[in-house]
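To start, the structure itself, in structure tokens.
The numbers here are math on the coordinates, done by the rules we state, and not lab data. Computed from a predicted model, the values in this text were never measured in an experiment. Here Cβ is always computed from backbone atoms with ideal geometry, including for glycine, and neighbour counts include all displayed protein chains.
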Amino acid sequence: MKKYFQFEELGTNYRREFMGGLTTFLAMAYILVVNPITLTLANIEGLPDSMRMDYGAVFVATALAAAIGSIIMGLLGKYPLALAPGMGLNAFFAYTVVLGSGIPWQHALGAVFISGVFFLLLTMSGWREKIINAIPIDLKHAVGAGIGLFITFVGFTNAGIIVNNDATLVGLGDLSNPNTLLAIFGIVVTVILMTRGVKGGVFFGMVLTVIVGMIFNLIDTPDGVIDSVPSLEPTFGAVFSSFGDSSFYTTAMLGIVLTFLFVDFFDNAGTLVAVANQAGLMKDNKLPRAGRALFADSIASIAGSVLGTSTTTSYIESSAGVATGAKTGFAALVTAGFFLLSLFFFPLLEVVTAPVTAPALIIVGVLMVSSLGKINWSRFEIAVPAFLTIITMPLSYSIATGIAAGFIFYPLTMIVSGKAKEVHPIMYFMFAVFVGYFIFLV
Ligand SMILES: Nc1nc2[nH]cnc2c(=O)[nH]1
């Protein structure tokens, strides 16, 4: 096992990998609660039952899709990357496709399945790896830094530190709110632990936040520990019913499939680059085993749609585990194991609330923006696309849109500065794809 995962070459050990895998799980565990709430449209009143997926089944599908994806990633890709249904695409699935367009959730699952198959074909053709390796190193660093800002923004909003403001779009939240104060406590304590160089600082920060939250009655002591696993029957295989239905084959559905495919591909690619870079796993600015990692992503999405969840993707929260010291696929296996265990320990997961995960997300952002220093800011033709990639990600609340913005400007600035030949032909092709993406959006 140690040999398979190259523990010695990478300077790691079982303890570190275990703590890393557990930290990643704790940073991601919220999805076990948030995904069922989102996909069942639980916050929307008065909908017919047929529009809602089954809560228990989506919970099980979420845990199983995360476990399957993370196991394949750990074993084949050997990256400390865990997967779960993504937060951008679950909202798109529920609010845009099902609620907004009135498309049955079975058909929406069909779109996830087909986009996963396209994604798999792209991987097997070797094009995906070529695309990732054609991206200039400065833009790869920009993607990492942009995701860092994005994840911090998610953490800030989850904690109520940054809130919606009608006049300025965003503003400072109510810092006297007890939950926000708990998150601030978590941030301070995690910063202290990390500054002191405590291994597992992110994880222990979360544990201390839970303890303090319980003392002040902000986090409920769980009612029980073990519960029976809900049935998967209401959603399992429902995707296949859509393929025999002629109303599935519409132009709108084609647009939905392409959106799933586009976001899934570039989100995964960006996350893979960012986490691999953070873990020091890039070789000559290239990603070893990129094809295998992306294969894991595509299989996870296909499996997830059959189980009954929206697109499964590599999670940027994996960087919390890397920050704790994880470097290998063993950590992803540990995370997968906890997702499987969580099927039985659902009541215990209730303690992982937003104030507990927010400090991890914010600290991870700090670690990820360190790649800003590696960008060649003195070259304006590089600085512009890099900056646009970074700033657009949090502001558009979309990793894929940030990548699109930077990738459109990169060939433009390079051509104008007379360096057109330095641009890989794939980047010109990507330019056309991303322009098409924005045209499709309008
Ligand atoms: N990369 C990535 N990380 C996430 N963490 C939670 N949701 C997502 C997502 O959609 N993409």
Task: Cβ-based exposure ranking for Tyr428, Tyr249, Tyr315, in which fewest neighbours within 10 Å come first - done: Tyr249, Tyr428, Tyr315
Open item on the list: Relative contact order for the stretch 376-442: what percent, with Cα pairs under 8 Å and sequence separation of 6 or more?
Closed with: 27 percent
Task: Integer Hz, Karplus 6.51/-1.76/1.60 couplings in order for the stretch 277-291, x for Gly and Pro - done: 5, 4, 7, x, 9, 7, 10, 6, 6, 10, 9, x, 6, 4, x
Task: Amide H contacts of Asn13 (H built 1.01 Å from N, under 5 Å, at least 5 apart or other chain) - done: none
Task: Pairs beyond 29 Å (Cα-Cα), from Lys283/Lys419; Lys130/Lys421; Lys78/Lys419; Lys327/Lys374; Lys3/Lys374; Lys199/Lys283 - done: Lys78/Lys419; Lys3/Lys374
Open item on the list: Taking θ = phi - 60°, what integer Hz values does the Karplus form 6.51 cos²θ - 1.76 cosθ + 1.60 yield along the stretch 210-221, in sequence order, with x for Gly and Pro?
Closed with: 4, 4, 5, x, 6, 4, 8, 6, 8, 10, 5, 5
- [ ] Let me know the Rg and Dmax you get for the stretch 105-156 when you use only its Cα atoms, in Å.
- [x] 15.7, 41
- [ ] Using only the alpha-carbon atoms of the chain, report the extent along each of the three principal axes, biggest first, to the nearest angstrom.
- [x] 66, 61, 56
- [ ] Order the peptides 20-26, 364-370, 96-102, 289-295 from the highest to the lowest mean number of other Cβ atoms within 10 Å of their residues.
- [x] 20-26, 289-295, 364-370, 96-102
Open item on the list: Please list the three semi-axes, largest first and in whole Å, of the ellipsoid equivalent to the stretch 1-157, using sqrt of 5 times the eigenvalues of its alpha carbon gyration tensor.
Closed with: 32, 20, 17
TODO: Go ahead and estimate [θ] at 222 nm for the chain from helices alone: -39,500 (n - 2.57) per DSSP H run with n ≥ 4, summed, over the residue count, rounded to 500.
DONE: -20500 deg cm²/dmol
TODO: Arrange the following residues from fewest to most other Cβ atoms within 10 Å of their Cβ: Tyr4, Tyr79.
DONE: Tyr4, Tyr79
Open item on the list: Based on Cα coordinates alone, diagonalise the gyration tensor for the stretch 145-249, multiply each eigenvalue by 5, take square roots, and list the semi-axes in whole Å, largest first.
Closed with: 36, 24, 17
Open item on the list: Just want to confirm a number: the relative contact order over the stretch 303-442, from Cα pairs under 8 angstrom separated by 6+ residues, in percent.
Closed with: 14 percent
- [ ] Enumerate the amide H contacts of Val170 below 5 Å, restricted to partners 5 or more residues apart or on another chain; note that Pro and chain-start residues carry no placed amide H.
- [x] Asn165
Task: Length released on extending from Asp245 to Tyr14, taking residue separation times 0.36 nm less the Cα-Cα span - done: 78.2 nm
Task: Phi to ³J(HN,Hα) by Karplus 6.51 cos²θ - 1.76 cosθ + 1.60 over the stretch 139-152, Hz, x for Gly, Pro - done: 6, 5, 5, 5, 4, x, 5, x, 5, x, 5, 4, 5, 5
Task: Sequence-separation-based contact order of the chain, relative, with Cα cut under 8 Å and 6+ spacing, percent - done: 34 percent
Task: Per principal axis, descending, Cα span of the stretch 392-442 in whole Å - done: 32, 20, 15
